[in-house]
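Report on the structure given below.
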Amino acid sequence: MDTYGSLIDVVGNTPLLRLERIGAGLEGTLLAKLEMLNPGGSVKDRIGIRMIEAAERAGLLGPGGTIVEPTSGNTGVGLAIAAALKGYRCIFTMPDKMSQEKISLLRAYGAEVVIAPTAVPPEHPDSYYRVADRLAREIRGAFQPNQYFNQENPRTHYETTGPEIWRQTDGRITHLVVGVGTGGTVTGTGRYLKEQNPNCHIVGADPEGSVYTGKEARPYLVEGIGEDFFPETFDPKIVDRWVTVGDKDSFVTARRITREEGLLVGGSGGTAVFAALEVARDAGPDAVIVVILPDSGKSYLSKVFNDAWMSEYGFLERPGSRARIADVLGEKRRIDASIPDLVVVPEDETVGRAIDILQRFGISQLPVAKEPAVDDLAQIVGSIQERSLLDKVFRNPTSIERSVSDVMDAPLPTVQATAGIDDLFADLSQGAEALVVADGARPVGVVTRADLLEFLAHQRG
């Protein structure tokens, strides 16, 4: 029977896949190294077992020991698999920007997870690096593999990932593109490939906000790559070119890969592919570009593949976001053509008559005008609003017989029909119940919160 004796034996030898759809139109060949097909779902499976076995040989980790590691999630899974097979306790510290799926996955393997703030420098005692250091000191029999300093990290990729890619491309690889985190993958793989062919071009894909390509670290949302310090596992001489990629391009590209290639990848995979496409545009017809896809998108379903989350951060266009206020009026007219676009009440009309108009059209606000027909904003002198009118009539029932001009409120705010619905939302969010819509100086309608909600509902549908 063709079987394996341990899950550890299944790590590595991941396939290369041609990205023929997302790479359509490119002259060269774009290939993806599918590291999400490792048993734990990421490239970090490779280093997890190697770091543990090296610690055992060195006497740093023994029976009943505890593994403590700061991780963005994937290294933790690799270590957790090794720990489950070897009987070790695991404690992982993670920054608070990590997805809930990653936290839940580590706990599923029996690991303990400690969450630390992202927005502190690495040397801060509350950073997830320093919390891991403290736990490793305080817990008897604890060992911290420390993927940021452990040379088994790049050595693993030098001995496995690099040779695999060289063999799979028959030595024809011209470019390697890697999202750089600890630097172990790009350093080890790149070093091996350059030894085989010094002309092999190594490209580092880096998030905007990482110190690899920025003067100082600042927050970003892509997980697992980029750093706020330079790890000892990274050799900067290996990288020939850097491509800096923003969060939006990373996440949008990840979604493209999933929908065009059928590959569910994480945000860092989107970063790497975006960089690879940049490289491929001028690499020439003989280029063979290998991009490492480090993990699966299963750990990012609540973020990258969640439309609401993407929209909240401005990475995904909201339904109807390009619409104008005139479109909201048009939708209002389509839903109920019996209500005129602009209903006004003359200032000398009685309050009782104004109430009749509100009830007749099922509306809560009325512009008050000098005359029944209005063709200029200057003719609007006030407004009748159901809420304040109720208060006045309840306190003084004789108000019913008074003129509208005696009880009216200030005129409704005005917005231009050509403005975007973001402007409408902003005005309505700041307390306005309704707005007069104008085409230049000519009032053409009234829109309310209910009108905007109705419009957005039909856009999503």
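Please work out if T185 is out of contact with any Cys (no Cβ under 9 Å at 6 or more places or on another chain) and assigned to a helix (DSSP H, G or I).
Details: out of contact with any Cys (no Cβ under 9 Å at 6 or more places or on another chain): yes; assigned to a helix (DSSP H, G or I): yes.
Judged against the criteria, T185 is a match.
Assigned to a loop (DSSP other than H, G, I, E, B), modelled with pLDDT under 95, surrounded by fewer than 22 Cβ atoms within 10 Å (Cβ to Cβ) and among the hydroxyl-bearing types (S, T, Y): is that true of S302 in this structure? Even if it seems obvious, please write down each step before you answer.
Details: assigned to a loop (DSSP other than H, G, I, E, B): yes; modelled with pLDDT under 95: yes; surrounded by fewer than 22 Cβ atoms within 10 Å (Cβ to Cβ): yes; among the hydroxyl-bearing types (S, T, Y): yes.
Yes.
Examine the stretch 92-103 for a residue that is of a type in the set (G, A, S) and either touching a Pro at 6+ places or on another chain (Cβ under 7 Å) or not assigned by TED's automatic domain parsing to the domain that holds G284 (or both), and state whether such a residue exists. Full working, then the answer.
If we filter the stretch 92-103 for residues that are of a type in the set (G, A, S), which is where we start, we get 99.
Those still in the list that are either touching a Pro at 6+ places or on another chain (Cβ under 7 Å) or not assigned by TED's automatic domain parsing to the domain that holds G284 (or both) too: 99.
Taking every residue of the stretch 92-103 in turn, at least one turns out to be of a type in the set (G, A, S) and either touching a Pro at 6+ places or on another chain (Cβ under 7 Å) or not assigned by TED's automatic domain parsing to the domain that holds G284 (or both).
Across the stretch 3-39, what is the number of residues that are touching a strand residue (DSSP E or B) at 6+ places or on another chain (Cβ under 9 Å) and not polar (S, T, N, Q)?
18
Tell me the residue from V381, V368 that is in contact (Cβ under 8 Å) with a residue 24 or more places away in the chain and surrounded by fewer than 17 Cβ atoms within 10 Å (Cβ to Cβ), please. Outline the logic, then answer.
Working: V368 fails: surrounded by fewer than 17 Cβ atoms within 10 Å (Cβ to Cβ).
Result of the check over V381, V368: V381.
Those residues that are under 16 Å from the mean Cα position of the chain (by Cα) and either over 17 Å from P121 (Cα atoms) or hydroxyl-bearing (S, T, Y) (or both), I need them from the stretch 211-231; list them, please.
Matches in the stretch 211-231: Y220, V222.
Just name the residue that is modelled with the highest pLDDT out of those in the stretch 52-79 that are in a helix (DSSP H, G or I), of a type in the set (V, I, T) and within 12 Å of Q147 (Cα to Cα).
Within the stretch 52-79, the first condition is being in a helix (DSSP H, G or I), and the residues that meet it are 52-57, 74-79.
Of the ones still in play, those that are also of a type in the set (V, I, T) are 52, 75, 77.
The next check asks that each one be within 12 Å of Q147 (Cα to Cα); those that pass are 52, 75.
Working: I52: 93, T75: 89.
Of everything passing the filter in the stretch 52-79, I52 is modelled with the highest pLDDT.
Select from the stretch 150-168 the residues that are among the acidic types (D, E) and in contact (Cβ under 8 Å) with a residue 60 or more places away in the chain and list them in ascending order. Reasoning before the result, please.
Of all residues in the stretch 150-168, those among the acidic types (D, E) come to 152, 159, 164.
Residues satisfying the conditions are E152, E164.
Considering only residues that are within 23 Å of E53 (Cβ to Cβ) and part of a helix (DSSP H, G or I), which ones fall in the stretch 80-107?
First pass over the stretch 80-107, keeping only residues within 23 Å of E53 (Cβ to Cβ): 80-93, 105-106.
If the condition is that a residue be within 23 Å of E53 (Cβ to Cβ) and part of a helix (DSSP H, G or I), then A80, I81, A82, A83, A84, L85, K86, L105, L106 are the ones that fit.
Quick one: count up the residues across the stretch 351-398 that are assigned to a strand (DSSP E or B), among the hydroxyl-bearing types (S, T, Y) and touching a helix residue (DSSP H, G or I) at 6+ places or on another chain (Cβ under 6 Å).
Step one: list which residues in the stretch 351-398 are assigned to a strand (DSSP E or B), which gives 365-369, 380-385.
Subsequent filtering for residues that are among the hydroxyl-bearing types (S, T, Y) retains 383.
The next check asks that each one be touching a helix residue (DSSP H, G or I) at 6+ places or on another chain (Cβ under 6 Å); those that pass are none.
So the answer is 0.
I'd like the full set of residues that are part of a loop (DSSP other than H, G, I, E, B) and touching a residue at least 60 places away in the same chain (Cβ under 8 Å), limited to the stretch 429-452. Reasoning before the result, please.
Here is the first cut: in the stretch 429-452, the ones part of a loop (DSSP other than H, G, I, E, B) are 430-433, 440-441.
Residues satisfying the conditions are E433, A441.
The values are calculated or read from the model by the stated rules, or taken from the named source; none is laboratory data. Being a predicted model, the structure only gives us computed values, none of them experimental. Cβ coordinates were reconstructed from backbone atoms using ideal geometry, including for glycine residues, and neighbour counts include every protein chain displayed.
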